[in-house]
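Novice: Here's a structure for you.
The values are calculated or read from the model by the stated rules, or taken from the named source; none is laboratory data. All of these numbers come straight from a predicted model, not from anything done at the bench. Because the Cβ atoms are built from the backbone with ideal geometry, glycine has one as well, and the counts that use them run over all protein chains shown.
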Amino acid sequence: MPRTYTNPEYAYRRAPELNSATVSRHPVVIVGAGPSGLTAAIDLARQGIRSVVLDDNNTVSVGSRAICFAKRTLEILDRLGLARPMLDKGVTWQLGKVFFRDRKVYEFNLLPEQGHGMPAFINLQQYYCEQYLVERAEQFPELIDLRWKHRVTGVDSRPEHSRLTVHTVDGDYQLDSDYLLVADGANSGIRRMLGLDCQGQVFQDRFLIADVVMQADFPTERWFWFDPPFHPGQSVLLHKQPDNVWRIDFQLGPDADPEEERREENIRPRIQAMLGADVRFELDWASVYTFCCRKMERFIHHRVVFLGDAAHQVSPFGARGANGGIQGVENLCWKLGRVLRRQAPETLLDSYDDERQPAAAENILNSTRSTDFITPKSRISRVFRDAVLELAEHYPFARALVNSGRLSRPCNYPDSPLNTPDTDNFTPTLGPGTPAADAPVLHDGRADWLLHYLGDSFTLLLDGATSAQQAAELASELSPLLSSWADLRLVLLGPSPPALRALPGAREVEDCDALVRTRYQLTPGSAYLLRPDQHVAARWRRPGRQQVDDALHRALGFDQHRHRAQPPEVHHA
């Protein structure tokens, strides 16, 4: 059963800066061609923003590494044109099972309701994800300058720009960037060069990751064992991946010798004991690791912005690393694009810290709690954990205490300065700062998903099933707004009267299963304002021109107290 994947190698190209004595300047330079860096380049390119991407390697990651991609991450990648190849290749799952010693104690369903375009999770090796990202980036040759084997050896961060020194086989060169995005991983060289660090907890427990190629009867589920007979006193995690590759994580304890544990002759007996003596398998890749739960105090320093693992690190339990990184990239890029196009003040970027610092802290908190439950550090902690697992088999209250890795969930921004506070009669569900909920819709008689009509720009989602008189009043309020804001679209939930359908740029969809109105608590004439990253900015039972205008300026980081006769002028980068 040989491995079917061969890591591609990408061509090195000589930098044009080596042919000139002039230091070139770019709107954005991104360091690191992993999931966060490439996602940022693609998101910016779709906004017409040019970037240079520098990576000291020339291939995708080795080994499976991040494998669980969550529903919200898939929704983001779908907006960027990347979800389809990942869904086609990935293994879809939503059911997890927890075992204690020799028996199952309970199971959980991560997406029990219907009516969502994306699954709860897919399993897909990180090297596939990175390959698809590279292929997508190559579709923007005029906007993404992807430079392999270009290693950053120096960075001078200034208030107005950054200057980088880059080493290649053809010599060193310098280039300037208006904004430097750092996505060079947990051991970030840029972070070290700037004398910055991360604060948090370093865990001493060691774990073994093994990618095993085999034909097996295990279902497509997440299985987690506490203290199993085949690996007593420790924990084991099993996931299915594409190509008949299975990911197995073995807890080893803090005293394990990493050099010894990564030897194949020591790995094989562990796997064989788990699978049974008659199961044949091939060891594809293995690694022994420890991990940290920590983050930078600030993610922005002058015009240097840290992304993904360079900004924050978590344990692998809960799939919060790559998912949190990609969600952070989405949060940044719509803001950076509008700052570079002069549609928003530079201070809008401060909200990246305002929103993603609590998100990172939430991920770290959940990751730390998972680790503490999985690897109890005292006799009392172990007694408590084992008692919870014993009770979980029979009592629902105990299942809420079991923590084998609370899986990644989309982060809300309820305290964001970009939110317009609720004043109308809505329940807290889908309040300002919450990511939009998907639901099935019809457009021109064709089945589709609501999220395909939200994002990239600001969107006013309006329940247009109103009376003709109310429609005329709404059209009178909204028409000047839609004409003046180039960055605002209107999506009508029909059937709508002609007065609304005639509004500039209006698109109408039908709530075919009544799930849009249910999930958004919509009534005729009520509306949501969605940000370009599909997060709720504001909502009203009856939107007025001034209300929407104020909410747009607030969501773009403008001073709410000064007079505004017109939206900000649009410039293109």
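Novice: Quick check on my filter: what residues within the range 356-404 are among the hydroxyl-bearing types (Ser, Thr, Tyr) and in a helix (DSSP H, G or I)?
Specialist: The answer is SER367, THR368, SER370, THR371, SER381.
Novice: If I filter the range 441-473 down to residues being under 16 Å from LEU490 (Cβ atoms) and touching a Gly at 6+ places or on another chain (Cβ under 6 Å), which single residue comes out as surrounded by the most Cβ atoms within 10 Å (Cβ to Cβ)?
Specialist: The qualifying residue surrounded by the most Cβ atoms within 10 Å (Cβ to Cβ) is GLY464.
Let's see how each residue does on (1) outside the structural domain of GLU510 (by TED's automatic domain parsing); (2) more than 31 Å from the chain's Cα centre (by Cα); (3) farther than 12 Å from GLU75 by Cα; (4) in contact (Cβ under 8 Å) with a residue 24 or more places away in the chain:
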| residue | (1), (2), (3), (4) |
| --- | --- |
| GLY433 | yes, no, yes, yes |
| ASP444 | no, yes, yes, no |
| ALA447 | no, no, yes, yes |
| LEU450 | no, no, no, yes |
| GLY455 | no, no, no, yes |
| LEU460 | no, no, yes, yes |
| THR466 | no, yes, yes, yes |
| GLN470 | no, yes, yes, yes |
| ALA475 | no, yes, yes, yes |
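Novice: For the range 200-238, enumerate the residues that are in a loop (DSSP other than H, G, I, E, B) and among the hydroxyl-bearing types (Ser, Thr, Tyr).
Specialist: Matches in the range 200-238: THR220 only.
Novice: Where the second residue is of a type in the set (Asp, Glu) and part of a strand (DSSP E or B) and the first is crowded, with 18+ Cβ neighbours inside 10 Å and lies in the range 286-305, which pairs have Cβ atoms under 9 Å and are six or more apart or on separate chains?
Specialist: So the pair list comes out as ALA286/ASP211; PHE291/ASP205; ARG303/ASP178.
Novice: If I go through the range 140-190 residue by residue, how many of them are over 28 Å from the mean Cα position of the chain (by Cα) and modelled with pLDDT under 95?
Specialist: Selection size over the range 140-190: 3.
Novice: On to the next question. Could you check the range 165-190 and list, in sequence order, the residues that are of a type outside the set (Val, Ile, Thr) and within 14 Å of GLY37 (Cβ to Cβ)?
Specialist: Of everything in the range 165-190, those that are of a type outside the set (Val, Ile, Thr) and within 14 Å of GLY37 (Cβ to Cβ) turn out to be SER177, TYR179, LEU180, LEU181, ALA183, ASP184, GLY185, ALA186, SER188, GLY189.
Novice: Of all residues in the range 174-225 being among the acidic types (Asp, Glu) and loosely packed, with under 14 Cβ neighbours inside 10 Å, which is nearest to GLN313 (Cα to Cα)?
Specialist: Restricting to residues being among the acidic types (Asp, Glu) and loosely packed, with under 14 Cβ neighbours inside 10 Å, the top hit is ASP197.
Novice: Being modelled with pLDDT under 95 and of a type outside the set (Lys, Arg) is the filter here, so list the residues in the range 399-413 that pass it.
Specialist: Scanning the range 399-413 gives ALA400, LEU401, VAL402, ASN403, SER404, GLY405, LEU407, SER408, PRO410, CYS411, ASN412.
Novice: Next question, about the same structure. PHE99 - would you say it is at pLDDT 95 or above and within 18 Å of GLY318 (Cα to Cα)?
Specialist: yes
Novice: Scan the range 527-550 for residues that are buried (at least 17 other Cβ atoms within 10 Å of the Cβ), closer than 14 Å to GLY431 by Cα and not β-branched (Val, Ile, Thr) and jot them down.
Specialist: Correct list: ALA527, TYR528, LEU529, LEU530, ARG531, GLN534, HIS535, ALA537, ALA538, ARG539, TRP540.
Novice: For the range 44-76, which residues satisfy the criterion of being closer than 21 Å to PRO141 by Cβ and part of a helix (DSSP H, G or I)?
Specialist: LEU44, ALA45, ARG46
Novice: Taking strands (runs of 3 or more DSSP E) that do not extend beyond the range 433-537, which have at least 3 residues that are over 23 Å from MET118 (Cβ atoms)?
Specialist: 458-463, 488-494
Novice: Show the residue pairs that are 6+ apart or on different chains and have beta-carbon atoms under 6 Å apart, the first residue being within the range 211-229 and assigned by TED's automatic domain parsing to the domain that holds GLU107 and under 27 Å from THR375 (Cβ atoms), the second being charged (D, E, K, R) and loosely packed, with under 14 Cβ neighbours inside 10 Å.
Specialist: If the second residue must be charged (D, E, K, R) and loosely packed, with under 14 Cβ neighbours inside 10 Å, the pairs left are PRO229/ASP102.
Novice: Out of contact with any strand residue (DSSP E or B) (no Cβ under 7 Å at 6 or more places or on another chain) and surrounded by fewer than 17 Cβ atoms within 10 Å (Cβ to Cβ): does that describe ALA437?
Specialist: no
Novice: Let me ask something else. Out of (1) part of a helix (DSSP H, G or I); (2) exposed (fewer than 12 other Cβ atoms within 10 Å of the Cβ), what's the single condition that is false for ASP255?
Specialist: (1)
Novice: Considering only residues that are aromatic (Phe, Trp, Tyr) and in a strand (DSSP E or B), look in the range 275-309 and name the one that is farthest from VAL28 (Cα to Cα).
Specialist: Selected residue: TRP285.
Novice: Here's something else I'd like to know. Would you check which residues across the range 62-84 are surrounded by fewer than 18 Cβ atoms within 10 Å (Cβ to Cβ) and under 19 Å from the mean Cα position of the chain (by Cα) and list them?
Specialist: GLY81, ARG84
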